[in-house]
Amino acid sequence: MRGVTSARQQHQLAEAGEPWWRQRESERKRPNTRTSSTIPSPLCASSLKMACQALQSGESLATLKNESDSLKKKLEEERAKLHDVELNQVAEKVELVSALSIRTRRVLKGHGNKVLCMDWCKDKRRLVSSSQDGKVIVWDGYTLNKEHAVTMPCTWVMACAYAPSGCAVACGGLDNKCSVYPLSLDKNENLAAKKKSVAMHTNYLSGCSFTNSDMQLLTSSGDGTCALWDVESGQLLQSFHGHTADVLSLNLAPSETGNTFVSGGCDKKANVWDMRSGQNVQSFETHDSDINCVKYYPTGDAFASASDDGTCRLYDLRADREVAVYQKDSIIFGASSVDFSLSGRLLFAGYNDYTINVWDVLKGNRISVLFGHENRVSCVKVSPDGTSFASASWDTSLRIWA
């Protein structure tokens with residue numbers, strides 16, 4: 001029987017000078033050499049040794065954080081060494097911008113509540129706007145006619161965008177979705193019946209933008225992520241993780257072959273992303289509060305941001321640093337939106353104090369203050385041909401300026 005020692009085996013063990021029962025005990029205690037898979041590999045042993053050494057030396061999360069902060073400080077010092085001159089110093093010899101005569105040319109009224117977002121069509125004539133009243137309206141900027149109106153299943157439609165072809169609009173908000181509505185010449189057509197839900201986030205949709213075709217859509221959300229979607233299938237093509245709070249805005253690089261975009265959020269960071277890899281390739285954190293809007297410079301080499309700290313800032317991507325701050329002591333309200341003139345010389349910024357400020361990008365001084373809205377300005381966008389710009393406001397109206 002298994003486990004029972006025969007008399008012959010007992011005799012052999014006795015001759016060896018050790019009682020057979022003690023020999024059996026030593027065999028039971030002896031490790032099983034056949035289970036070699038349980039023996040740690042040199043790599044595991046090395047990692048274990050390093051972890052033990054770290055614990056023995058009293059290293060903790062706090063000390064690791066201090067070390068990380070120290071390395072960040074060194075990087076900032078190295079970056080500061082390259083910061084040899086300010087943008088306004090370089091622009092000293094550039095001529096001043098002549099006096100501007102910008103005023104309201106059109107007022108678009110039709111929303112029943114705060115207008116939260118708007119976008120131009122590439123035809124330079126039509127606009128789309130979204131509102132807290134749950135409606136999305138397509139306007140003719142010349143005649144002021146409403147060409148289409150869609151009632152969304154939720155209020156607070158916080159994002160809208162025109163497709164490059166002008167044949168569709170995308171929108172979304174508190175429903176956590178981004179829906180695409182195809183447009184037609186028939187103004188009486190029921191657009192809601194043709195709605196296509198493309199993107200789905202786990203929190204509110206804060207921004208959306210078509211890429212250089214109608215087939216892909218970029219979205220930003222309160223869930224702290226951005227995402228790239230295929231419009232036809234609704235499939236998620238790429239997700240972008242890096243923000244530690246709500247993402248409030250995004251903007252695609254202006255180059256037709258560009259594969260980057262910038263996003264800003266409640267973590268006070270502006271991140272530049274590679275759309276192909278999903279990697280965060282650059283990050284800037286100089287604002288003191290939420291970043292409400294980000295916008296690329298027309299050449300794609302820089303971008304501007306607007307923040308609740310009351311400032312707008314310009315970041316040079318090649319220098320990898322902030323190069324200008326647009327602020328005045330008299331501005332105590334947050335900046336909600338920014339956009340550049342077609343030349344890149346002017347920066348239009350909408351503020352929570354109901355005004356639009358026009359800044360000289362190179363010299364950093366304020367050129368003009370535009371009045372007209374009766375509540376905070378939520379969105380400012382220059383038309384594709386650069387001859388005018390539109391603003392949306394919590395006063396339920398949109399204005400076209402030129």
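The values are calculated or read from the model by the stated rules, or taken from the named source; none is laboratory data. Since the model is a prediction, treat every value here as computed from it, not as a measurement. Positions of Cβ are backbone-derived with ideal geometry, glycine not excepted, and every protein chain shown enters the neighbour counts. Remember, those area values only see protein heavy atoms, side chains included, never the ligands or the DNA or RNA. Shrake-Rupley method; radii C 1.70, N 1.55, O 1.52, S 1.80 Å.
For Met158, nonlocal amide neighbours, meaning residues 5 or more places apart or on other chains whose placed amide H falls under 5 Å from its own, are Gly172, Gly173, Leu174. Taking amide H positions as modeled 1.01 Å from N, with prolines and chain starts lacking one, the residues under 5 Å from Leu108 and 5 or more places away or on another chain are Leu398, Arg399, Ile400. Computed from the alpha carbon positions, the gyration tensor of the range 81-159 leads to an equivalent ellipsoid with semi-axes of 38, 19, 11 Å, biggest first. Stretching Arg321 away from Ser68 to a fully extended chain increases their span by 89.1 nm, per 0.36 nm per residue minus the current alpha-carbon distance. Quick one: Debye curve from the alpha-carbon atoms of the range 187-261 only, equal weights, vacuum; give me log10 I(q)/I(0) at q = 0.11, 0.23, 0.27 Å⁻¹ to two decimals. Evaluating at q = 0.11, 0.23, 0.27 Å⁻¹ gives log10 I(q)/I(0) of -0.30, -1.07, -1.29.
Projected over every direction and averaged, the convex hull enclosing the alpha-carbon atoms of the range 244-402 yields 9.1 nm².
Would you mind checking Lys109/Lys196; Lys109/Lys177; Lys122/Lys177; Lys114/Lys269; Lys122/Lys295 for any pair whose Cα atoms are more than 22 angstrom apart? List each step's numbers first, then the result.
Values: Lys109/Lys196 27 Å; Lys109/Lys177 26 Å; Lys122/Lys177 24 Å; Lys114/Lys269 27 Å; Lys122/Lys295 17 Å.
Exceeds cut-off: Lys109/Lys196; Lys109/Lys177; Lys122/Lys177; Lys114/Lys269.
Two-decimal Rg/Rh of the range 141-209 from alpha-carbon positions, Kirkwood Rh?
Details: Rg = 12.3 Å, Rh = 12.6 Å.
Result for the range 141-209 is an Rg/Rh of 0.97.
Going 7 Å from the Cα of Gln282 toward and past its Cβ, which residues in the range 302-340 have a backbone nitrogen under 16 Å from where you end up? So the set is 302-306, 313-325. When the P(r) is computed for the range 89-132, the part past 15 Å accounts for 66% of the Cα-Cα pairs.
Rounded to the nearest angstrom and listed largest first, the equivalent-ellipsoid semi-axes of the range 181-323 from its Cα gyration tensor are 28, 16, 15.
Rounded to the nearest Hz, the phi-derived 3J(HN,Hα) couplings of the range 379-393 under the Karplus curve 6.51 cos²θ - 1.76 cosθ + 1.60 (θ = phi - 60°) are 7, 9, 9, 7, 5, x, 8, x, 7, 7, 9, 10, 9, 10, 9, where x marks glycine and proline.
Report the full-extension gain for the segment Ala99 to Asp123: residue separation times 0.36 nm, less the Cα-Cα distance, to one decimal in nm. Numbers along the way, then the final one.
Numbers: separation 24, 0.36 × 24 = 8.64 nm, distance 2.89 nm.
My answer for the length gained is 5.8 nm.
Give me, ordered by chain and number, the residues 5 or more places off Ala324 or on other chains with an amide H under 5 Å from its own placed amide H. The list, which skips near neighbours in sequence, is Leu314.
The Cα-based radius of gyration of the range 242-287, divided by its Kirkwood radius, gives an Rg/Rh of 0.97.
Under 14 Å of direct C-alpha separation, and excluding same-chain neighbours fewer than eight residues apart, Lys363 reaches these aspartates and glutamates: Glu86, Glu92, Glu95.
Normalising the Debye intensity of the range 326-402 to I(0), with uniform scatterers on Cα atoms only, and taking log10 at q = 0.15 Å⁻¹ returns -0.45. The trypsin sites (Lys or Arg not before Pro) of the range 182-253 meeting both criteria, a DSSP state outside H, G, I, E and B (loop) and at most 14 other C-beta atoms within 10 angstrom of the site's C-beta, are Lys187. Spatial offset of the range 305-352 relative to the range 227-299 amounts to 17 Å, using the alpha carbon center of each.
Could you do me a favour and compute the accessible area per residue for the range 194-306, 1.4 Å probe, result in Å²? Intermediate values should be presented prior to the final figure.
Working: 4440 Å² over 113 residues.
In whole numbers, the range 194-306 has 39 Å² accessible per residue.
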